[in-house]
Amino acid sequence: MTKLKDAQFKVPRETRIFTVANQKGGVGKTTSAVNIAAALANGGLNILVIDADPQGNASTALGVEHASGTPSFYEVIMGKMPLVDVVAPAPEFDSLFVAPSTIDLSSAEIELVSEDRREYRLRDALDSALEEFASRGVQLHYVIIDCPPSLGLLTLNALVAAREVLIPIQTEYYALEGLTQLMKSIQSVQASLNQGVAISTILLTMFDKRTNLAQDVAAEVRSYFPDETLSVEIPRNIRISEAPSFHQTVITYDPRSSGAVAYMAAAFELAGRAQ
């Protein structure tokens, strides 16, 4: 951990925009989004997390206010407020900003159906926000968008806005179940809405090295995605599960835990792939 703590994380030439997606629930999607973001911020990079999930779990883990009525991603996606006006600093980090989600976002999918440019709402808002941050002298290195576990309009907005997709896959039975549908959705977005988006990163989660099943699943995922799969696996670790109840990521909750060390290593590897 000391080596990682002192390591210099590679600074990308331009902002890397990630959507963290998997419509299969319980795979560590939000957990991975917030902990990768926290690890990158801990490595000295400027990070914006956009919580596009009505459950607001990313907002909880990063310790930002997201009660109903709080200016949030809902106002952004509905075109009522610019993104920079809803962003709040994460209290545990100097360089991590959060666009929180509130329960109001749960109605956005229905409200957006008849709206113009409904698939481009997040991209347009993010383009403006990056310009505004730059005008304030802040170069955002990473934008990480946490999606709901579905393939609706919120996830579609995230895929249209992103350049890279990070897919957490749990090393358990049926790990690849549903992944085909997600890949079809990404290909559809590539064909019609955002040619520049691609799956760049696969992160293996809930890894138990003591079991043959976990080893077999990891080998299977790597056979399908040899270049995209990070070498670091995220272990099953109770500290990762406990951290959100204290409004923290595991990076600050227990930095010496195996979960924190693994997420720091995964973030370092991800950053090392920057152009």
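The values are calculated or read from the model by the stated rules, or taken from the named source; none is laboratory data. From a predicted model like this one, the values you see are computed outputs, not experimental measurements. With ideal geometry, Cβ positions are generated from the backbone for all residues, glycine too; neighbour counts draw on all protein chains shown. What goes into the accessible areas is simple: the full protein's heavy atoms, side chains included, and nothing from ligands, DNA or RNA. Shrake-Rupley method; radii C 1.70, N 1.55, O 1.52, S 1.80 Å.
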Problem set entry | Computed over the range 142-275, the ratio Rg/Rh where both radii use C-alpha atoms and Rh is Kirkwood | 0.97
Problem set entry | Sites excluded, chymotrypsin sites (Phe, Trp or Tyr not before Pro) in DSSP loops with at most 10 other C-beta within 10 Å, longest stretch of the chain | 1-172
For this session: For the range 1-91, run through the trypsin sites (Lys or Arg not before Pro) and keep only the ones in DSSP coil with at most 12 other Cβ atoms within 10 Å of their Cβ.
Result: ARG13, LYS80
For this session: Loop sites only, by DSSP: take the GluC sites (Glu not before Pro) in the chain that have at most 14 other C-beta atoms within 10 Å and name the longest stretch containing none of them.
Result: 178-275
Problem set entry | Fraction of alpha-carbon pairs over 16 Å apart in the range 87-131 - percent | 56 percent
For this session: Please work out the Cα convex hull volume for the range 1-79 and give it in Å³ per residue.
Result: 127 Å³
Seminar exercise, completed: Excluding residues fewer than 8 positions from LYS24 in its own chain, the aspartates and glutamates with Cα under 15 Å of it are ASP53, ASP146, GLU172, GLU177
For this session: Once you have all Cα-Cα distances for the chain, histogram them in 10 Å bins from zero and send the whole-percent values.
Result: 7, 32, 39, 20, 3, 0
Problem set entry | Other-chain or far-sequence residues with amide H under 5 Å of GLN170's (modelled H) | THR205
Problem set entry | Helix-only mean residue ellipticity at 222 nm for the chain, each DSSP H run of n ≥ 4 adding -39500 (n - 2.57), per residue, nearest 500 | -11000 deg cm²/dmol
Problem set entry | Spherically averaged projected area of the range 84-190 from its Cα convex hull (nm²) | 8.8 nm²
Exercise. Can you pull out the trypsin sites (Lys or Arg not before Pro) in the range 139-224 that DSSP calls coil and that have at most 11 other Cβ atoms within 10 Å?
Worked result: LYS209, ARG210
Exercise. Cα extents of the range 1-158 along the three principal axes, largest first, in whole Å?
Worked result: 51, 38, 26
Exercise. Got a number for carbon plus sulfur as a percent of the chain's accessible area, 1.4 Å probe?
Worked result: 49 percent
Seminar exercise, completed: the chain accessible area per residue, 1.4 Å probe, protein heavy atoms, integer Å², reads 44 Å²
